[in-house]
Amino acid sequence: MQLAERFKQWEREVKTEGRLEGRLEGEALVLQRQLTRRFGSLPEWAQQRLRSASSEELETWADRVLDATRLEEVFG
């Protein structure tokens, strides 16, 4: 019985992890679209930062995109 309970717990954890990863990917894609509309084609370094960003970083950058005059200001 314990092993079956563990499998159920692992399944819940995997589903939760998947939702979190999906949410982060979605946030990064929206921010990438906003940055591209505002500043044009994004250099590789900016795309990499978006791909590896935490939720907190994405939120900060999303706020900065509203006031930034250069791409570097968003990530600064």
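Odds and ends about this structure:
- Cα gyration tensor shape of the chain, rounded if a/c is under 1.5, else prolate or oblate by comparing a/b with b/c: prolate
- For region 36-52, putting each phi into the Karplus relation 6.51 cos²θ - 1.76 cosθ + 1.60 with θ = phi - 60° gives couplings of 5, 5, 7, 10, x, 3, 8, x, 4, 4, 6, 4, 5, 4, 5, 5, 9 Hz, in residue order, rounded to whole numbers and with x for Gly and Pro.
- Positive end of the dipole of the chain (Cβ unit charges, origin at the Cα centre): among 61, 71, 10, the Cα lying farthest that way belongs to 10.
- Region 34-76 pair-distance distribution - Cα-Cα, 10 Å bins, rounded %: 30, 64, 7
- Dipole magnitude for the chain: computed about the Cα centre from +1 point charges on Lys and Arg Cβ and -1 point charges on Asp and Glu Cβ, it is near 260 debye.
- Residue list for region 48-62, given a label point 7 angstrom along the Cα-to-Cβ vector of residue 23 and an amide N cut-off under 11 Å: 55-56
FYI, it's all coordinate maths here, none of it is from the lab. Since the model is a prediction, treat every value here as computed from it, not as a measurement. Quick reminder, even Gly has a Cβ in these numbers, built from the backbone with ideal geometry, and neighbours come from all protein chains shown.
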